[in-house]
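Structure record follows, encoded as structure tokens.
The values are calculated or read from the model by the stated rules, or taken from the named source; none is laboratory data. As the structure is a computational prediction, the values presented were derived from the model and not from experiment. All Cβ positions, even for glycine, are placed from backbone atoms using ideal geometry, and neighbour counts span all protein chains on display. The area values use the complete protein model at the heavy-atom level, side chains included, leaving out ligands, DNA and RNA. Shrake-Rupley method; radii C 1.70, N 1.55, O 1.52, S 1.80 Å.
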Amino acid sequence: MIEPLRQQESLHHRKGLFAPSLRPTGLPTDPVRRALLIGGVAAGLMAYILWGSFVDRSFELEDMFLIPLMFVVMTLLAGAVTLVGPFLQALRVELALDEAGLRCVASGLVTYYPWMLLGPAQIEPDWRGIPTLTLTNASGRAFMRVPLFGKRVHASAVALLRSYELRRAGPILPAPPIARTLARQGRPMAAWLEALAALGAAGNKRAGYREQAPLELGELPSIVADLGQTPEHRAAAAYVLLAQRAPDLDVVKDAVTAAAPPLVQLLVHLSPAGKAIVSRESIEDVRPFLEPDEAAAIDGAG
């Protein structure tokens with residue numbers, strides 16, 4: 001059974017994923033803590049100078065000497081603000097890789113990017129000198145920049161980037177002969193699942209007559225385990241396997257982990273024997289990355 005995500009961890013390795021998920025939360029790291037301290041002192045000093053110069057009028061004779069000090073204070077305050085801003089931006093981002101793409105949560109918006117829509121990624125300093133993970137789409141345009149504060153966050157981002165490039169460069173294999181039968185083809189979820197269940201039932205009848213599954217259904221285990229196949233084909237193959245009379249649970253268990261695409265986990269959960277592999281608690285973790293009609297099927301299954 002897939003272990004549920006533990007939200008209290010700041011930088012954690014999710015079981016089965018290709019790289020540690022990147023979520024720089026928790027207490028401020030040392031650079032930001034120093035920025036907060038310097039900014040607080042600078043703001044207090046500025047308030048004291050302004051009070052003495054314009055309200056209390058006790059600094060009238062010293063105004064000439066306070067002007068350079070004001071510039072120093074304003075510079076420190078501006079520097080602190082420019083450092084805290086990226087940190088607050090990083091707090092609102094979480095990235096994790098799975099077998100078929102990138103799971104992204106940014107400022108409350110949840111998005112799933114399949115590999116075919118993703119371009120190169122890199123880590124480089126921004127104009128403030130802060131190391132930043134930059135993600136691009138297939139056309140090369142940057143769609144996300146994640147500031148990296150602290151050695152642990154930077155190491156996590158390097159591991160994620162390494163896995164990102166390896167998976168993005170992975171081969172896309174040709175669809176198997178049974179792919180057209182497995183594909184959703186724009187059907188509603190209920191109709192698609194009904195067709196897949198019928199395919200499994202037909203396999204049961206023919207297997208009982210011939211004492212073995214037909215050749216095309218014999219390809220299902222390899223489709224489920226093949227990362228070069230689309231999530232739709234892998235999900236449908238897993239559903240048909242689990243809809244058969246004597247489902248091979250071990251085959252699906254070995255292939256479907258927390259790294260499996262959300263759609264694969266969903267159809268395994270919805271299959272007759274799939275809740276022993278992907279529990280309700282586990283499927284709730286990937287619900288945000290599903291399409292609305294797909295997520296609705298979870299509630300319809302009870």
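Could you please find all residues in region 258-290 being of a type outside the set (A, V, I, L, M), open to solvent by less than 50 Å² (accessible area, probe 1.4 Å) and assigned to a loop (DSSP other than H, G, I, E, B)?
PRO261, SER271, SER279
Identify, from the list ARG167, ARG141, ARG152, the residue that is open to solvent by 80 Å² or more (accessible area, probe 1.4 Å), modelled with pLDDT of 80 or more and charged (D, E, K, R).
Among ARG167, ARG141, ARG152, only ARG141 is open to solvent by 80 Å² or more (accessible area, probe 1.4 Å), modelled with pLDDT of 80 or more and charged (D, E, K, R).
Taking the condition of being of a type outside the set (Asp, Glu) and open to solvent by less than 70 Å² (accessible area, probe 1.4 Å), how many residues in region 120-138 meet it?
So the answer is 11.
Collect the residues in region 203-253 that are open to solvent by less than 30 Å² (accessible area, probe 1.4 Å), at pLDDT below 85, within 30 Å of ASP98 (Cα to Cα) and outside any loop (DSSP other than H, G, I, E, B), keeping them in residue-number order.
LEU217
Kindly indicate the residue of region 98-119 that is of a type in the set (A, V, I, L, M) and within 12 Å of the chain's Cα centre (by Cα) and also most open to solvent (accessible area, probe 1.4 Å) among those meeting that condition.
Here the answer is LEU109.
Of everything in region 61-70 that's open to solvent by 60 Å² or more (accessible area, probe 1.4 Å) and in a helix (DSSP H, G or I), which residue is modelled with the lowest pLDDT?
Only one residue tops the list, namely MET64.
Hey, LEU160 hits all of (1) buried (at least 17 other Cβ atoms within 10 Å of the Cβ); (2) touching a strand residue (DSSP E or B) at 6+ places or on another chain (Cβ under 9 Å); (3) modelled with pLDDT of 90 or more but one; which does it fall short on?
Here LEU160 meets the rest and fails (3).
Are there any strands (runs of 3 or more DSSP E) wholly within region 71-162 with 3 or more residues that are closer than 24 Å to PRO231 by Cα and in contact (Cβ under 8 Å) with a residue 40 or more places away in the chain, and if so which?
Where strands (runs of 3 or more DSSP E) fall fully within region 71-162 and carry at least 3 residues being closer than 24 Å to PRO231 by Cα and in contact (Cβ under 8 Å) with a residue 40 or more places away in the chain, they are 93-97, 101-106, 109-114, 118-125.
When residues of region 78-124 are filtered for being hydroxyl-bearing (Ser, Thr, Tyr), in contact with a strand residue (DSSP E or B) (Cβ under 7 Å, 6 or more places away or on another chain) and over 27 Å from ASP254 (Cβ atoms), how many remain?
Of the residues in that region, 1 qualify.
May I ask you to verify whether ASP293 is at pLDDT below 90, part of a helix (DSSP H, G or I) and either open to solvent by 60 Å² or more (accessible area, probe 1.4 Å) or of a type in the set (Asp, Glu) (or both)?
no
Cβ contacts < 8 Å: first residue touching a residue at least 60 places away in the same chain (Cβ under 8 Å), restricted to region 241-259; second residue among the basic types (Lys, Arg) and buried (at least 20 other Cβ atoms within 10 Å of the Cβ), any location; separation 6+ or different chain. Result?
Matching pairs, first to second residue: ALA258/ARG14.
Considering every residue within region 175-192, establish whether at least one is open to solvent by 20 Å² or more (accessible area, probe 1.4 Å) and in contact with a His (Cβ under 7 Å, 6 or more places away or on another chain).
Scanning region 175-192 turns up at least one residue that is open to solvent by 20 Å² or more (accessible area, probe 1.4 Å) and in contact with a His (Cβ under 7 Å, 6 or more places away or on another chain).
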